[in-house]
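Below is one structure, written out as structure tokens, with a few remarks after it.
The values are calculated or read from the model by the stated rules, or taken from the named source; none is laboratory data. Just so it is clear, the model here is predicted, and its values are computed rather than measured. Here the Cβ positions follow ideal geometry from the backbone for every residue, glycine too, while neighbour counts run over all protein chains shown.
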């Protein structure tokens, strides 16, 4: 049976599926397409279940008050939520349409067959289409959660390669992103941001303001929030630069420049033990104590990763219009309903008066600047009413003001007995929150997660998030190993007073946790005289986990991975959240004479349950690998007391086309099994595999990301 | 205000705009060619790249008025009535785009590469795309598409 939490809140078939008068089918969903091709996967599911041509299906961009509220598009949950809901809704609709057709054609329902939305009876020559049956009417029925869905053996489209929705529009330049929106009378806006979060506006040069005003540039000011708007985009850019060069800011205390990793280990913190199942317990943390008496080898390791950016290629944008009562916002954020609620709270408006419509944006990989830019556009629109405002953040705004993925450190200790068995395992992770999204229902106010609520008049307090208590959330995502060790001690530390603004970045804590523990497993394997593969298989009981590792081993052996002179290869594995997709990654690389890591080849083996859109799944897995390789090798947000200094692509380099490995991805088929979220599955294993491969290549086990040439030279000297 | 002519996608346009306005704003806001994307405004990411006399060039810094007399082609000018060019078709076959924000620049750069050299080496491909940033990690499928275009079906 298929279960979807989205159905309980949106039980009507009409909330999901609509046959339009134009002879097309519109799919309604609360999940948004951020380049992960969710609309393609959802269209495949509906096309399959209803036997409608995939090309006739349009997946609507989510809009408050019109489409289902499925919260955020996050955590690799879209297929479980919307995919399952749409499968049930489509199956219910199919059954309803067949009943209608039987009546209309006056035949037995069992005699009916559907071929591409055309219903035909074996007992007569008459046919009827879905659209004729619907005749512009609504279904008016509930989704039947017990409905029989198509047996996977009868699937024709699920698991096949299709051209992704939007793909042709992307390649021809016809796709419209929020950044491309044009509304009558629209003004282009740009921000004038302070040097850092804590600075406040001290003085504005009145002469410049007057001159800009004469040049038809409008100024929107609300406390320390400052923006300009003009019918000419480049005039807005120049006006923002002119103001920025003359405005005076009170810098306050600035950003703390205490050593980051020192702060992670010594600042005030909330520490909680992680219980079996991966959730924290509200209980004291047991001291680490001495290793067990039987231990003959005990190893300790500390892994560190810095703040990392989402780094969208298109800086965030927002569009808004305020008519004196109602505020309409176009946003590329990951959840229109939570954004609506947060904006309404921040502006002291009723949610009825705030309407949010999703538009495509540049890929976000978590909570980037999109929500903030939407609110910024709203603030400007309130100052300049009855005028559509299209605000674009600059590259500098995006780099310096997006909420980063937190820095983390992980401390591990493991002991082996005389036979090489792992008899003791401790893993503690330190970091800031990953819960910075403007979400209702979480602790704190959603409004205070919108960055400009701290700049406007009557600024809100900065959020202080409590530790999250669910399994595999935030810092403790994948902190619990899937390996069955006899004794584990797992601890999360939510560290306070860290310097930078943070929120959810693809995988949350899993990237650090998996990188750290998968490197540490290799250390223990070497100490105990087992291979990386042998040790992992020894402590896994889940057959699907073992299968992906064995398959990876087979592929890498076939390809002689790491066998050439001067080359190293490494592997790592995780099941994302210990409940989503299984993924094993192999990396082959070389460290060249300038101490740069050159990626040669990579192998991914994944089991994501039933595969709906293999092209999309492969793109997510390979994209996750490339992004994680970039984090591992190159990325670090740099700052000082004056603010963020990583403000462009030179001061914050990311992986380029010259260092992309040749990737082979293998999907383990699981027809008929539940969907397992896969958008974040490859990232953690990639970090671990890179550490292990560098170790094999040059004998250095690096533990402080990024592993750029400076880091490798430093490690070599030590 | 300055007046100048721009030849874009085979058509000459008379433009009235301040002389320092970068090309991208004229393409996007005057001519409604939204294919070129604003990514950094600093010639660092390649999202705004267009063909200028057959070569891939950033459009986000240099003033539009300086392009008078040049033949400019944006991604929109590479296909007609959704009939894809060979490069676009290769990308479509491989599914070589994710969010797509960087894609128009990459398509244009690849087109420039193949116009100059139909059999680029792996190193030449990497060099041609070096200035193009992608954050979704579509690189591996982009490279597959380009190598397929170069090598054919074998």
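Below is a table of values for the structure above.
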quantity	calculated
Enumeration of residues in region B:126-154 that are touching a helix residue (DSSP H, G or I) at 6+ places or on another chain (Cβ under 7 Å), facing chain A (nearest Cβ under 8 Å) and over 15 Å from residue B:96 (Cα atoms)	B:126, B:130
Region A:157-185, residues that are over 20 Å from residue B:78 (Cα atoms), more than 26 Å from the chain's Cα centre (by Cα) and facing chain B (nearest Cβ under 10 Å)	A:182
Residues (free of Cβ contacts under 8 Å to residues at least 60 places away in the same chain and touching a helix residue (DSSP H, G or I) at 6+ places or on another chain (Cβ under 7 Å)) located in region A:631-658	A:653, A:655, A:657, A:658
Breaking point among (1) over 20 Å from residue A:567 (Cα atoms); (2) in a strand (DSSP E or B), for residue A:621	(2)
Residue check for residue A:288: surrounded by 12 or more Cβ atoms within 10 Å (Cβ to Cβ), in contact (Cβ under 8 Å) with a residue 60 or more places away in the chain and in contact with a helix residue (DSSP H, G or I) (Cβ under 8 Å, 6 or more places away or on another chain)	no
Among (1) crowded, with 17+ Cβ neighbours inside 10 Å; (2) outside any loop (DSSP other than H, G, I, E, B); (3) away from chain B (no Cβ under 14 Å); (4) out of contact with any helix residue (DSSP H, G or I) (no Cβ under 8 Å at 6 or more places or on another chain), the one test that residue A:691 misses	(4)
All positions within region A:531-561 that are without any contact (Cβ under 8 Å) to a residue 60 or more places away in the chain, farther than 24 Å from residue A:420 by Cβ and crowded, with 17+ Cβ neighbours inside 10 Å	A:561
Residue match in region A:139-152 (condition: part of a helix (DSSP H, G or I) and closer than 25 Å to residue A:41 by Cβ)	yes
Among the candidates A:74, A:121, A:111, A:78, residue that is in contact with a strand residue (DSSP E or B) (Cβ under 8 Å, 6 or more places away or on another chain), closer than 30 Å to residue A:669 by Cα and in contact (Cβ under 8 Å) with a residue 12 or more places away in the chain	A:74
Residue B:58 vs. criteria surrounded by 24 or more Cβ atoms within 10 Å (Cβ to Cβ), more than 10 Å from chain A (Cβ to nearest Cβ) and out of contact with any helix residue (DSSP H, G or I) (no Cβ under 8 Å at 6 or more places or on another chain)	yes
Residue list for region A:184-215, restricted to those being in contact with a strand residue (DSSP E or B) (Cβ under 6 Å, 6 or more places away or on another chain) and either outside the structural domain of residue A:374 (by TED's automatic domain parsing) or assigned to a loop (DSSP other than H, G, I, E, B) (or both)	A:186, A:192, A:194, A:195, A:196, A:199
Strands (runs of 3 or more DSSP E) wholly inside region B:1-106 that include at least 2 residues being under 12 Å from the mean Cα position of the chain (by Cα) and in contact (Cβ under 8 Å) with a residue 40 or more places away in the chain	B:50-52, B:55-57, B:71-73
Residue match in region A:460-469 (condition: under 28 Å from residue A:620 (Cβ atoms), out of contact with any strand residue (DSSP E or B) (no Cβ under 9 Å at 6 or more places or on another chain) and not assigned by TED's automatic domain parsing to the domain that holds residue A:625)	no
Flag if residue A:70 is in a loop (DSSP other than H, G, I, E, B) and surrounded by 20 or more Cβ atoms within 10 Å (Cβ to Cβ)	yes
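This table checks each residue for (1) modelled with pLDDT of 95 or more; (2) part of a helix (DSSP H, G or I); (3) within 14 Å of another protein chain (Cβ to nearest Cβ).
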site	(1), (2), (3)
A:551	yes, yes, no
A:572	yes, no, no
A:584	yes, no, no
A:600	yes, no, yes
A:631	yes, yes, yes
